[in-house]
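Data block below; observations after.
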Amino acid sequence: MNQLTQHILLTMSSIRLIPHIILYKTKHRDVNEDLLQVQDRKATVGNFIKAMTRERTFRNLFYYRMGEYRSVFVKWLCPPERTLNIWCSRIGGGAHFEHNYATYLNAESIGKNFYCLQLVTLGTGHHQGRDGRPTIGDNVKIMTGATIFGPIRIGNNVTIGAGAVVFRDVPDGATVVGNPAHIIRQEN
């Protein structure tokens, strides 16, 4: 797409995004770290418009950051990805969801710089006599089709491989794969 066409489309899109831009300006601190992960990797209104126009999964994260009741009035103008469900009490800044269809994020909390691909499930399960949801640390990458469940802790700087099934704690710096998941690499 040439620059002129792109500029015209983004300008037209910004008209429907006026309420979103106002929300962004009032709560920009909550969204700026996420903006640094997408499109131009800048915390600007222009990059916000690009991300909201082009990335449905960014919309989900934006609506999550704004809160359920505040965003309900503007979602219809710029619909989110219908199959990306976020049920977390807290997600740290710098989150990036890529191709996230059919993804269900039901965790106690998720740390900073969270990267997640499609078909991922974080959810309630039973582990060591307890029921609960996982707690995800900082700088965690979860690849396609991974399932993480139960009251477990995923440490910082962890990579969970595609299709992994995790139901035990994962230490900091680990890379896990398989069903059941096992550590294939451990960094200090």
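Read-outs throughout are calculated quantities, based only on the coordinates presented, and are distinct from any laboratory measurement. Because the structure is a prediction, the values reported are computed rather than measured. All Cβ positions, even for glycine, are placed from backbone atoms using ideal geometry, and neighbour counts span all protein chains on display.
Largest first and in whole Å, the equivalent-ellipsoid semi-axes of the range 83-188 read 17, 16, 14, each the square root of five times a Cα gyration tensor eigenvalue.
Per-residue 3J(HN,Hα) values for the range 38-52, derived from phi via the Karplus relation 6.51 cos²θ - 1.76 cosθ + 1.60 with θ = phi - 60°, read 10, 6, 7, 6, 10, 8, 10, 4, x, 5, 4, 4, 4, 5, 5 Hz in sequence order (x marks Gly and Pro). Please state, as a whole number in µm²/s, the translational diffusion coefficient that the Stokes-Einstein equation yields for the chain at 25 °C and 0.890 mPa s, with Rh defined as the Kirkwood radius across alpha carbon pairs. Estimated via Stokes-Einstein, D reaches 143 µm²/s. In this structure the amide hydrogen of Ser109, modeled in the peptide plane, comes within under 5 Å of the amide hydrogens of Ile136, none closer than 5 places in sequence on its chain. What the phi angles of the range 165-179 give under the Karplus curve with 6.51, -1.76 and 1.60, with θ = phi - 60°, is a coupling list of 10, 10, 9, 10, 4, 10, x, 4, x, 8, 10, 10, 9, x, 9 Hz, glycine and proline written as x. Taken about its Cα centre, the chain carries a charge dipole of about 500 debye when Lys and Arg each add +1 at the Cβ and Asp and Glu each add -1 at the Cβ. Farthest towards the positive end of the charge dipole of the chain, among the residues Gly150, Thr11, Ile160, is the Cα of Thr11, using unit charges on the Cβ of Lys, Arg, Asp and Glu. Shown is the FRET efficiency for Thr44 and Ala102, computed with R0 = 35 Å from the Cβ-Cβ distance and rounded to the nearest 0.05: 0.65. Backbone phi angles across the range 10-25, fed through the Karplus curve with coefficients 6.51, -1.76 and 1.60 (θ = phi - 60°), yield HN-Hα couplings of 5, 5, 5, 5, 5, 5, 5, 8, 3, x, 5, 5, 4, 4, 4, 5 Hz in residue order; Gly and Pro are listed as x.
Which part of the range 105-119 falls in the paramagnetic zone of Asp30, meaning amide N under 16 Å from the point 7 Å along Cα-to-beta-carbon? Label zone hits: 110.
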